[in-house]
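To keep things clear, I will list the structure first and then write my remarks on it.
The values are calculated or read from the model by the stated rules, or taken from the named source; none is laboratory data. Bear in mind that the values here come from a model prediction, so they are computed numbers and not experimental data. Cβ: placed from backbone, ideal geometry, glycine included. Neighbour counts: every protein chain shown.
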Amino acid sequence: MDWTPGAVAALRKLHDLPFVRADSEGLVVEFNQRFQSIYGWDDHLIGQTIGLILPEQFRELHHAGFARFKLIEESAVVNHPLELATICANGNVIRSEHYIVAEKDPMKGWSFAATLRPLDGPYGS
Amino acid sequence: MAHMAADYRLDPDSDATALVEQLRQSLGLLRVAFDATGEAMLILDDQRCIRWVNRQAADDFGEGSSLRVIGRQLGSVLILRHLDQRPLLTDDLHHPLNQVVHGEGQTNLLVEVVANQQSSPSQVLQRMVSWRPIVEMKSEFTLLIFRDLDPLERALQQQRSFINRLAHELRTPLAIMNGNLRRLSRKNFESQFLLQSLDDLRSETQRMTGLVDKLLLLSELDTDRYHWHLEKRNLSTFLLYWLDSLTPHRRSLVQLRLPDASAHCEVELDQRAVCRIFDNLLENSLRFASGSGQLDIQVHVHQDDLDLIVSDQGPALTLNDDASLLFERFTRLEEHRDPSRSDGVGLGLALVKSLVEGMGGSVTGGCNIEATDNEPHGLQVCISFQHSS
């Protein structure tokens, strides 16, 4: 298994890092203030596909990978840092380090959360 | 039925959700299947940017992570090379991404994975590379498949490489023999028998040299070691260049008929290959024709392609059943034309076929049926190439 119980809660505690969470359908269910201030997304993102924050050329990979995960519950992208271009609400791109975790709730099913560490721009580290 | 229709109207959202769920499951199943194969697959968009990879491609080209290759230009992820290590640049007409405009195909290549860090050495893999256009979508994509050679292909590859090395090795002693025989023939021998023997020896050595040269060329084509120099020119330029290279006597045997429609026909060909193709066809004509050895070349221009109909006036073929045998290696035409002539080695038409196909064309052959008497008169070869006008 590529997931850790309590992983999403652990990530959510990292208040200094932008945080976003998607449900089992890949739709955004929450993000924190840090994510909003750096990437510019507002509440309109809630209920939208998490693929929106990825560059267009990554979306086929995202959708296919998401669909595969639901079938075999394995992924090469979770539980380790990944450098990815991230799309801001205004269309700008910020190179960021994503750390994605997956967690399965007996009632609600899979949940996916990520912290994003901006590598470029005024918030870059 | 009315009840079902009413249900559909009442709950379109749930139908759409069910459809999305079904499509998602299908997509997941496809992804699982593509990830299970040992062939590395990549899909590129019309900007040559990698849009999709399977697990094997991620392992081979992205150190296990598809994110390392998605969104990047193909050339920044891997470099293709011919089997003799020459790079196959992205602007080379033989590059799969340029060949794909003509449809699907495959070739044996070396694939050098571009290292992510300066310190790590580049990995080079030999792969059968296939390409296929994906045109049924809104924009154009290309599927590239990189397959490891199976044991049979590997054995064939080794055999062809062996022939290539053997032909190279035979060239040197043959050249020495030819030189010595030339020197000997300049001496004044009184014995007619000795002179005749020398003459026989010289012609036999020349025949062997011709055989080795053809074998070498064929093995170069088989093993992708032939250095193509494709150029886009008017068809007549290629044909007239070949005519100019002939001796006046040989040139007088060729009747070239270029229609007005060919004036603006541009084709992508290799001039050396064109010369070799027509040299071989003219040699055949000279070998078998009992009279002058006339070679007739007619050009027929169609909308997308053109045919070069090459006819000789030799004896009729007796290949009744399978004309494709003409292009098989070591099919000696004399067995099908005139048993009294036995100086051919049976590689000329095989070479013609390999050279034509190497330039993206096709070739067929059969009897030359004269309209005047409706009787077979010799060999007719039809060579087709795509053109742009």
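Each residue in segment B:39-67 was checked for being more than 27 Å from the chain's Cα centre (by Cα), surrounded by fewer than 18 Cβ atoms within 10 Å (Cβ to Cβ) and more than 8 Å from every other protein chain (Cβ to nearest Cβ), and 2 pass. In segment B:156-163, is there at least one residue being surrounded by 16 or more Cβ atoms within 10 Å (Cβ to Cβ), part of a helix (DSSP H, G or I) and basic (Lys, Arg)? Looking through segment B:156-163, at least one residue is surrounded by 16 or more Cβ atoms within 10 Å (Cβ to Cβ), part of a helix (DSSP H, G or I) and basic (Lys, Arg). On the stretch given as segment B:152-176, residues that are among the small types (Gly, Ala, Ser) and within 20 Å of the chain's Cα centre (by Cα) total 1. Scanning segment B:124-150 for residues that are within 24 Å of B:VAL113 (Cβ to Cβ) and without any contact (Cβ under 8 Å) to a residue 12 or more places away in the chain yields a single hit, B:ASP150. Given the conditions (1) over 30 Å from B:ILE277 (Cβ atoms); (2) under 32 Å from the mean Cα position of the chain (by Cα); (3) among the acidic types (Asp, Glu), and given that B:ASP213 satisfies all but one, which numbered condition is not satisfied? With respect to (1) over 30 Å from B:ILE277 (Cβ atoms); (2) under 32 Å from the mean Cα position of the chain (by Cα); (3) among the acidic types (Asp, Glu), B:ASP213 is out only on (1). Among residues of segment B:69-85 being more than 8 Å from chain A (Cβ to nearest Cβ) and in contact with an Asp or Glu (Cβ under 9 Å, 6 or more places away or on another chain), the one that is modelled with the lowest pLDDT is B:ASP84.
When you scan segment B:194-209, do you find a residue that is part of a helix (DSSP H, G or I), farther than 29 Å from B:PHE61 by Cβ and touching a Phe, Trp or Tyr at 6+ places or on another chain (Cβ under 9 Å), even just one? Scanning segment B:194-209 turns up at least one residue that is part of a helix (DSSP H, G or I), farther than 29 Å from B:PHE61 by Cβ and touching a Phe, Trp or Tyr at 6+ places or on another chain (Cβ under 9 Å). Listed here are the strands (runs of 3 or more DSSP E) enclosed by segment B:1-101 that have at least 3 residues being within 30 Å of A:LEU82 (Cα to Cα), touching a strand residue (DSSP E or B) at 6+ places or on another chain (Cβ under 6 Å) and aliphatic (A, V, I, L, M): B:40-45, B:78-81.
Being surrounded by 16 or more Cβ atoms within 10 Å (Cβ to Cβ), modelled with pLDDT of 85 or more and of a type in the set (A, V, I, L, M, F, W, C), is that true of even one residue in segment B:374-382? Yes, that holds for at least one residue.
When B:ARG207, B:ARG165, B:ARG186, B:ARG132 are screened for being among the basic types (Lys, Arg) and modelled with pLDDT of 90 or more, only B:ARG132 passes.
Restricting attention to segment B:28-38, the residues that are more than 26 Å from B:LEU97 (Cβ to Cβ) and either surrounded by 17 or more Cβ atoms within 10 Å (Cβ to Cβ) or in contact with a Phe, Trp or Tyr (Cβ under 6 Å, 6 or more places away or on another chain) (or both) add up to 1. Pairs meeting the criteria (first residue in segment B:206-220 and crowded, with 17+ Cβ neighbours inside 10 Å, second residue part of a helix (DSSP H, G or I) and of a type in the set (Ser, Thr, Tyr), beta carbons under 9 Å, at least 6 apart or on different chains) are B:LEU217/B:SER354; B:LEU218/B:SER354; B:SER219/B:SER161.
For segment B:244-305, list the strands (runs of 3 or more DSSP E) that sit wholly inside it and hold at least 3 residues that are in the same structural domain as B:CYS367 (by TED's automatic domain parsing) and touching a residue at least 60 places away in the same chain (Cβ under 8 Å); which are they?
Details: elements: B:254-257, B:266-270, B:295-301.
In segment B:244-305, the matching strands (runs of 3 or more DSSP E) lie at B:266-270.
Filter segment A:97-108 down to the residues that are more than 12 Å from chain B (Cβ to nearest Cβ) and under 12 Å from the mean Cα position of the chain (by Cα), then identify the one that is surrounded by the fewest Cβ atoms within 10 Å (Cβ to Cβ). Only one residue fits best here, namely A:TYR99. State yes or no: is B:LEU149 more than 24 Å from B:GLY38 (Cβ to Cβ) and out of contact with any Gly (no Cβ under 7 Å at 6 or more places or on another chain)? Taking the combined requirement at face value, the residue does not satisfy it.
Look at segment A:76-112 and say how many of its residues are more than 24 Å from B:VAL53 (Cα to Cα) and either out of contact with any strand residue (DSSP E or B) (no Cβ under 8 Å at 6 or more places or on another chain) or assigned to a strand (DSSP E or B) (or both). Spell out the reasoning first.
Applying the first criterion (more than 24 Å from B:VAL53 (Cα to Cα)) to segment A:76-112 yields A:88-92, A:103-111.
In the following step, the residues that additionally are either out of contact with any strand residue (DSSP E or B) (no Cβ under 8 Å at 6 or more places or on another chain) or assigned to a strand (DSSP E or B) (or both) were identified as A:89-92, A:103-111.
Here the count works out to 13.
Among the residues making up segment A:20-69, a single one is away from chain B (no Cβ under 14 Å), assigned to a helix (DSSP H, G or I) and basic (Lys, Arg): A:ARG34.
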